[in-house]
Each structure stands twice: as structure tokens, then as C-alpha cells.
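See structure below.
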Amino acid sequence: MKKFKQLLSALFLAGLFSLLLCLPSFAATAPARVKKVTAKASESSVKLTWKKASRATGYDIYMKTGADGVYTRIASTKKTTYTKKKLKPGQTYYFRILSYRGSGSKKSCAASYSNTAKAKPVIKATAAPKGFKSYKTESGKIYFSWNKVSNATGYIVYKYDSATKKYVQATKTKNKSCYVGGLTAGKTYKFKVKSYRTVNGVTRFSSFSSVVTKKMPAISDDVSSVHPIWYKATVLENVTASPANSKTKRQVVPKNTKVTVLNYGSICKVRLANNDEVYIRLSKLKLTSELYTKKSYSKSLKEDYVNQSGYTSPTKYLIWVSTYTQEYSLYTGSQGKWKLLRTAKVATGKAKSPTSVQIRSITKREKRWTHDDGTYNEPVVYFYYENAFHSRLKKPDGTLASKTIGKPVSGGCIRMYDEDIWYLYENVPNKTTVVIY
């Protein structure tokens, strides 16, 4: 009973406030009542439209949240449309409009409000990710990728729990690839992925993707030791860094701290002087020099690495570029049965223009890439936008403008000897998987 009286009081005050805003003016004729108000909802807004009221010079918009809410004036407009933004999806909103004529002490309102229009913003469901697959395994980890889902805020990968017989969240990401760690060699796992969309604090999930079933291979110690090129770097500003392993805690890394970048990307895995490993955004780092080796991996290790990692390719070829040893290896075969066909020294990106650790595929090729000054590379095989395998730079007369191979000196592409790039150009088809690591 008490709550009912409070509601009546609130409604009375709201009505009184409206009357005070619209005191009758004997000098002006009151406008007609607004008719045919409609409300159309999107994900987080509602658009109102109505018929123009005769003699009206403007309109006051009133809204209440939920059937038990209290109307409040949210806006005034001289148009016959209005959009209320930043609404919560899943909540029903009610609207009504009061027309008025004049302004100030001469403002007069219609005798009554318009009809009530209601709408409920609803988040559009995202599609289940397609192309879900595992593309690499390493000690205790499986790496996954999938196709981008339009309008998705992010993705959640789920792992099947045999104890509960349910899929439980394994990891969450805003990228279209990730890895799941803490896995046991020789054990078989099942995974699914969902996309989701979040609007104004409300989240809606897609259905599950197809299932990926993967048996964890035994990773040898030699293969576990393989890593990409490292970089020395300086932290550009104070950064709160997230831990990169269970032994490290979240911490502040001060400006000008010297660190070692273990894995280069938009978010870098970094080792501190005390051996803690953390994640720091690339934009917060200045790479100063490269840490690589002139030594080569053995043939058996090169084969073990791609086979134990579980790499796949839609063609009978697979390419691995080791940024640490500055070598390229070309394989033939299939997943788990790759055999080394060719290997040679290359030159990858220098510290100011690193070659990103990534898994791509050959997209296209061209016989010559001529620069504005007349120098050229011949031929060129692309694997990611303008990133490509290509020959060393040549002058217009065909002599070498740059001879360096076997150390990181390029602008991000993979520089090769002529015989190696020509073999790649003439024999290895588009769509062949390219592993940069």
C-alpha cells in the first residue's frame, strides 16, 4: 500500500511539472494532440516518429523504463522524429509525446499526451564461427584459428570436460586465433568456439562451431627449444603488464626498462631482467636490436619441428621460415609426414621493421617488382598483403644493390638467394601454408 501511494505521488508530481512547463497562454491557441507515434528499436537505441500536430512549434519527449517506471521528459525537438541512444538491450522502454506552441511564459501545450509507443532493443545474434581448426601444437599447447565473424565483439573457446560431460570455457579472445595451454601429451581433447557480441553491458552468444578433436603429440625437448628471433627493447612509458606464465604476477614495468622481446606481435611476450615473463603492447616498446644465431638447425630437428607441431597445408608443400636461424625450409608431404625438400639462408626483418610471427599462405606472385628509383626484385611471391618472398634488391643494370643474406636486414619481407626464390616461384603453388616462427 505504501509503495502504491509513493507511485501515485510520483505520477502527480510528474504531471504537475509538465503543467508548469506548459502554462496556458490566452494569447496563443493550444496545439493539437500528437497522433500515430511509432517506436522502432535497434540494438541500443529507439527511433520515434509521429505525425505533425497542427499549430505545434515543438514536441516534448517523455520516456519511462519498464511498465512500472515513471515518465520523465528526456528531450525537446521541433522535428517529427527523435532517436534515444545508449539504451540497454533486453529492456522495454515506453514513450509518449506532448506537443506545444510558443515558448517561455507564452508556451501552451496540447490538452493530452500522444498515444504510448513501446520498444525493446535487442542485440543481433552473431553467427557461429566457421573454419574452426587447430593449426599447430607444441609442448602442452594447441593453437586454433577460425574465420572472422561480422560484428562479433570476441570469441570463447570451450574444452570438453569428461568429468562433467560438458564443454567449459578454456580461453577468451578478441582475435580470430588463440591457443589453449596446460594440456597433456598423448591425451585426446575436444574443442568448440562461440562468437559473442556485447552492447551496453549486455552480451549475446552464437551457437557452437563444429568440434575439433585433437590428440596431443609427444613434443621432444629439441622441438620445445625452438623459438623465433628475439629483440632487445626499451619500454617507452610506465606499463602495467599482464603475466605470461603461472610463475609471474601482474606488475608495473617502469619507463626506460630494458627488456627482451620473446615473441613479436601487436602484443609482445617480454622477459624482464628478473626472468619474469609478461605481455606488453608493441606500441609501448622500442625495439633496438636483434638476437639471432648464424647456426643452423639439423635436418632431423627441422622435420621434427613441423611434424610434432602438427602443421597442415592444403597443397603438398609447406614452408617454415625460422627467424631465429634466418633460414627457410621447404617441405613436401602431408600433416605429420613432412619431408625436407630444400633449405637455405634468408634475411628477415630488422628491429625497426620486424617480420611478424604468423601463419599465412601464398596468395599471389609476380615476376618483377620495380621500385621508383629503377631498382627491382625478381621474382616476388606474396604471403600476406605486401609481405613477400623475393630476391635481393638489384640495380637497373641487374647487379646486386644489396648482398646481405643470413641476418635480419629487410623491411619485413623474406629476402632469398636467386636460385631459392626462383624455385619457389616456379614450383610451389598458391595456398601453400607459410609458417613464420
- Message: Checking residue 280 against (1) buried (at least 18 other Cβ atoms within 10 Å of the Cβ); (2) in contact with a strand residue (DSSP E or B) (Cβ under 7 Å, 6 or more places away or on another chain); (3) assigned by TED's automatic domain parsing to the domain that holds residue 415; (4) among the β-branched types (Val, Ile, Thr): exactly one of these is not met. Which one?
- Response: (3)
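Given the residues 242, 210, 195, 246, which is the only one that is over 30 Å from residue 88 (Cα atoms) and assigned to a strand (DSSP E or B)? Break it down into steps so the answer makes sense when it comes.
On the way: 210 fails: assigned to a strand (DSSP E or B); 195 fails: over 30 Å from residue 88 (Cα atoms); 246 fails: assigned to a strand (DSSP E or B).
Of the residues listed, the single one that is over 30 Å from residue 88 (Cα atoms) and assigned to a strand (DSSP E or B) is 242.
Identify, from the list 136, 130, the residue that is among the charged types (D, E, K, R), in a loop (DSSP other than H, G, I, E, B) and farther than 21 Å from residue 201 by Cβ.
Numbers: 136 fails: in a loop (DSSP other than H, G, I, E, B).
None of the other options fit; the residue is 130.
Would you confirm whether or not the range 64-87 contains a residue that is assigned by TED's automatic domain parsing to the domain that holds residue 113, crowded, with 16+ Cβ neighbours inside 10 Å and small (Gly, Ala, Ser)?
No, that holds for no residue.
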- Task: Within the range 63-104, count every residue that is of a type in the set (Phe, Trp, Tyr) and in contact with a Ser or Thr (Cβ under 8 Å, 6 or more places away or on another chain).
- Result: 4
- Where a residue in the range 66-80 is of a type in the set (Lys, Arg) and its partner, wherever it lies, is surrounded by 13 or more Cβ atoms within 10 Å (Cβ to Cβ), with Cβ under 6 Å and at least six apart: 73/60; 73/62; 78/58
- Message: Just to be sure before I move on: is residue 315 of a type in the set (Val, Ile, Thr), outside any strand (DSSP E or B) and not assigned by TED's automatic domain parsing to the domain that holds residue 144 in the structure I sent?
- Response: yes
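From the list 176, 190, 214, 159, which residue is without any contact (Cβ under 8 Å) to a residue 60 or more places away in the chain, under 22 Å from residue 360 (Cβ atoms), of a type outside the set (Asp, Glu) and surrounded by 13 or more Cβ atoms within 10 Å (Cβ to Cβ)?
Values: 190 fails: under 22 Å from residue 360 (Cβ atoms); 214 fails: without any contact (Cβ under 8 Å) to a residue 60 or more places away in the chain; 159 fails: under 22 Å from residue 360 (Cβ atoms).
Within the list 176, 190, 214, 159, the selection yields 176.
Which one of these is modelled with pLDDT of 95 or more and not assigned by TED's automatic domain parsing to the domain that holds residue 310: 143, 158? Give the derivation first.
Details: 143 fails: modelled with pLDDT of 95 or more.
Every option except 158 fails the conditions.
Given the residues 47, 52, 64, 5, which is the only one that is modelled with pLDDT of 95 or more, over 29 Å from residue 90 (Cβ atoms) and either touching a Phe, Trp or Tyr at 6+ places or on another chain (Cβ under 8 Å) or not small (Gly, Ala, Ser) (or both)? Quick ask: steps written out before the conclusion?
On the way: 47 fails: over 29 Å from residue 90 (Cβ atoms); 64 fails: over 29 Å from residue 90 (Cβ atoms); 5 fails: modelled with pLDDT of 95 or more.
The conditions single out 52.
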- Query: Quick one: is residue 51 among the charged types (D, E, K, R), touching a Gly at 6+ places or on another chain (Cβ under 7 Å), free of Cβ contacts under 8 Å to residues at least 60 places away in the same chain and not assigned by TED's automatic domain parsing to the domain that holds residue 198?
  - Reply: no
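I'd like to know if the range 401-412 contains one or more residues that are assigned to a strand (DSSP E or B), under 31 Å from the mean Cα position of the chain (by Cα), of a type outside the set (A, V, I, L, M) and surrounded by fewer than 18 Cβ atoms within 10 Å (Cβ to Cβ). Quick ask: steps written out before the conclusion?
So the first thing to find is which residues in the range 401-412 are assigned to a strand (DSSP E or B), and the list is 410.
From what's left, under 31 Å from the mean Cα position of the chain (by Cα): 410.
From what's left, of a type outside the set (A, V, I, L, M): 410.
Narrowing further to those that are surrounded by fewer than 18 Cβ atoms within 10 Å (Cβ to Cβ): none.
Taking every residue of the range 401-412 in turn, none turns out to be assigned to a strand (DSSP E or B), under 31 Å from the mean Cα position of the chain (by Cα), of a type outside the set (A, V, I, L, M) and surrounded by fewer than 18 Cβ atoms within 10 Å (Cβ to Cβ).
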- Query: Residue check: is residue 214 closer than 20 Å to residue 143 by Cα, charged (D, E, K, R) and either modelled with pLDDT of 95 or more or touching a Cys at 6+ places or on another chain (Cβ under 9 Å) (or both)?
  - Reply: no
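In the range 216-236, what residues are in a loop (DSSP other than H, G, I, E, B) and under 15 Å from residue 272 (Cα atoms)?
Filtering the range 216-236 down to residues in a loop (DSSP other than H, G, I, E, B) leaves 216-220, 225-229, 236.
Matches in the range 216-236: 236 only.
The values are calculated or read from the model by the stated rules, or taken from the named source; none is laboratory data. Everything numeric in this text was worked out from a predicted model, so none of it was measured. Ideal geometry is used to build each Cβ from the backbone, glycine not excepted, and the neighbour counts take in all protein chains shown.
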